[in-house]
Amino acid sequence: MAEARVPTARAQLRGWLILAALYALVVFVIPRPETVTPEGWRLAAIFLCVIAGMIVEPLPASALVLLGLTAMTANGTPIKQALGGYAEPSVWLVILAMLIARTMLDTGLARRIALLFIRAFGSSSLGVSYALLATDVTLASGVPSITARTAGMITPIAVRIADLFDSSPGPTANRLGAYLIAGIYQGSGVACAMFFTGQASNILGANLARTLVQVEVTWSSWFVAALVPGLASALVLPWVVQRVMQPTVRRTPEAPAFAAAELARMGPMSPAERITLAVFAGVGLLWMTSAWHRLDVTFVALSGFGVLLVTGTLPWDSAMREKSAWDVFVWYGGLLRMGELLNGTGVTTAFATSVGALFAGIPWIVVLLAVLIVYFYTHYAFASITAHMLALFPPFVVLLVGLGVPPPLAVYSLLCLANLPAGLTHYGTTPAPILFGLGYVSLRDWWRVGFIVSLANMALWLTVGFGWWKLIGLW
């Protein structure tokens with residue numbers, strides 16, 4: 001998640017009133033299922049208020065989560081249970097991976113990787129877009145912060161390349177800059193969808209899948225499931241965006257020359273870069289092969305982090321100053337525990353039972369496709385992949401499995417497609433306001449590109465994806 005904006009006093013008041021009304025609506029108006037206790041129903045209302053709060057934002061997400069945990073404790077949940085999410089290994093996996101990513105940025109390794117791709121493939125505007133997307137996909141294998149990757153590591157290089165061709169926000173944006181920025185943003189969703197560590201909420205969703213429908217999602221199993229449809233999207237997407245945005249600059253021989261000059265200026269890899277690369281590659285390789293050696297992925301990340309600390313590549317003071325990582329730790333650990341507590345109330349099961357009765361007699365494949373389409377395009381109402389996934393993944397996955405959809409197919413289709421809708425709007429995920437705020441792409445073009453790319457992504461993942469998932473035995 002991005003650093004939270006500070007709402008005005010009026011916006012804060014409006015947000016609190018909305019949350020109070022939502023809580024009252026759930027607790028006092030909506031009939032409570034017979035299988036859910038009053039305490040469990042109030043807990044569900046608190047959970048919904050936290051998710052809604054991430055949309056209306058009367059406070060930053062982390063603060064809302066802490067308030068939610070406090071409210072759940074007041075509702076009868078023992079404090080040790082309420083705070084239990086912070087002991088989960090997956091919570092530590094996220095923060096450790098983000099700290100490793102910080103080291104990649106600080107040492108210049110991430111920039112070097114991007115420049116290498118630009119030097120190799122950047123002789124055309126389409127090639128530059130592919131190079132930037134390849135950088136994002138490469139980093140997503142171990143960097144669970146879409147903001148750090150897209151806004152911090154990749155976008156500055158794209159802006160510098162646009163400058164080489166006198167393409168700036170305003171009348172000259174369509175020369176090259178608008179196309180590159182639109183391509184970066186659309187590609188970020190694909191990078192997120194391809195890896196377990198693509199972004200923090202992927203790991204959160206994997207934990208919910210284990211809790212709700214007993215499907216174990218690992219780094220390697222996600223990689224295999226998303227590999228083919230993800231590569232298909234990555235191959236098609238820059239071309240689709242180019243057809244929509246039509247940059248006037250098509251040949252970019254200056255881009256590889258710029259990359260080569262920047263690499264020469266950087267000189268040989270420093271010892272810190274070499275250590276960071278060894279840690280990044282080693283951790284990624286051990287994650288990929290975890291099904292064979294059975295080492296816990298969090299232990300692997302902790303070991304890599306330890307190497308960075310011992311060698312001085314990442315000073316402890318620098319780790320402590322990485323506010324975004326610790327912010328994620330707070331909201332992620334709390335939300336993970338809230339989801340587990342919500343599942344224990346029986347609310348999701350009651351929802352699946354009541355809604356599932358409406359689809360009796362309809363083939364499960366038809367219901368699955370309909371749910372995925374609804375799941376995808378309801379992201380227009382969300383400014384966060386995490387909020388979207390938390391609101392809709394639990395009830396939908398329980399509903400689909402209850403209707404006969406093979407559990408692995410339900411889980412992987414919902415988890416992967418939770419990431420792709422971010423491209424629909426200029427607020428769809430945390431880097432969106434940053435990239436849109438650069439001024440290269442108009443609001444009309446941003447939404448137009450987002451919708452057209454969404455059609456391409458849905459077509460690919462519902463055909464190539466389903467075919468691949470059939471081949472590897474998910475259904």
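The values are calculated or read from the model by the stated rules, or taken from the named source; none is laboratory data. The shown structure was predicted, so the numbers you read here are calculated from the model rather than taken from an experiment. Don't worry about glycine lacking a Cβ; one is built from the backbone with ideal geometry, like all the others, and counts go over all protein chains shown. Heavy atoms of the whole protein, side chains included, go into the accessibility calculation; ligands, DNA and RNA do not. Shrake-Rupley method; radii C 1.70, N 1.55, O 1.52, S 1.80 Å.
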Roughly speaking, what is the centre-to-centre gap between the range 450-475 and the range 319-354 when only Cα atoms are used, to the nearest Å?
28 Å
To the nearest 20 debye, what is the magnitude of the charge dipole of the range 222-316 about its Cα centre, counting +1 on the Cβ of each Lys and Arg and -1 on the Cβ of each Asp and Glu?
260 debye
Roughly what would the spin-label model give for ALA370 and TRP292, points 7 Å off Cα along C-beta, in nm?
4.5 nm
Would you please give the FRET efficiency between TYR427 and ALA278, computed as 1/(1 + (r/R0)^6) with r the Cβ-Cβ distance and R0 = 30 Å, to the nearest 0.05?
0.20
If THR103, THR463 are ordered by their accessible area, calculated over protein heavy atoms with a 1.4 Å probe, which sequence runs from highest to lowest?
THR463, THR103
Calculate what fraction, in whole %, of the accessible area of the range 84-183 sits on carbon and sulfur atoms when a 1.4 Å probe is rolled over the protein chains.
60 percent
Using Cα pairs under 8 angstrom and six or more residues apart, how large is the relative contact order of the chain, in percent?
24 percent
Tell me the net charge near ARG337. Cut-off is 11 Å between Cβ atoms, ARG337 excluded, with +1 for each Lys or Arg and -1 for each Asp or Glu.
-1
Calculated from backbone phi, Karplus (6.51, -1.76, 1.60) coupling profile of the range 237-242 in Hz, x at Gly/Pro
4, x, 5, 4, 5, 5
Before I look further, what does the chain give for accessible area per residue, probe 1.4 Å, in whole square angstrom?
39 Å²
So for R0 = 60 Å, FRET eff. of ALA459-VAL310 from the Cβ-Cβ r, to 0.05, ends up at 0.80
If VAL347, VAL310, VAL143 are ordered by their accessible area, calculated over protein heavy atoms with a 1.4 Å probe, which sequence runs from highest to lowest?
VAL310, VAL347, VAL143
For the chain, find the longest principal axis of its Cα atoms and tell me its angle to the long axis of helix 177-194, 0 to 90°, nearest 10.
50 degrees
If amide H atoms are modeled at 1.01 Å from N in the peptide plane, then the residues at a separation of 5 or more from SER124, or on another chain, having amide H under 5 Å from its own are THR252
Estimate the FRET efficiency between ARG321 and ILE362 by the formula 1/(1 + (r/R0)^6), using the beta-carbon distance for r and 51 Å for R0, to the nearest 0.05.
0.40
With θ set to phi - 60° and the Karplus curve 6.51 cos²θ - 1.76 cosθ + 1.60, what are the ³J(HN,Hα) couplings of the range 304-315 in order, to the nearest whole Hz, using x for Gly and Pro?
x, 4, x, 4, 4, 5, 5, 7, x, 5, 10, x
Per-residue SASA entry for ILE46, accessible area with 1.4 Å probe, Å² rounded to 10
20 Å²
Share of carbon and sulfur in the accessible heavy-atom surface of the range 253-369 [1.4 Å probe, %]:
71 percent
Please list 3J(HN,Hα) in residue order for the range 405-416, calculated via the Karplus relation 6.51 cos²θ - 1.76 cosθ + 1.60 where θ = phi - 60°; whole Hz, with x for glycine and proline.
5, x, x, x, 5, 4, 5, 5, 5, 5, 5, 5
Ordering LYS80, LYS323, LYS470 from largest to smallest accessible area (1.4 angstrom probe), what's the sequence?
LYS80, LYS323, LYS470
A chain fully extended from ALA9 to SER442 at 0.36 nm per residue, minus the present Cα-Cα distance, gains in nm 152.9 nm
Can you give me the C-alpha center-to-center distance between the range 75-90 and the range 99-117, rounded to a whole angstrom?
35 Å
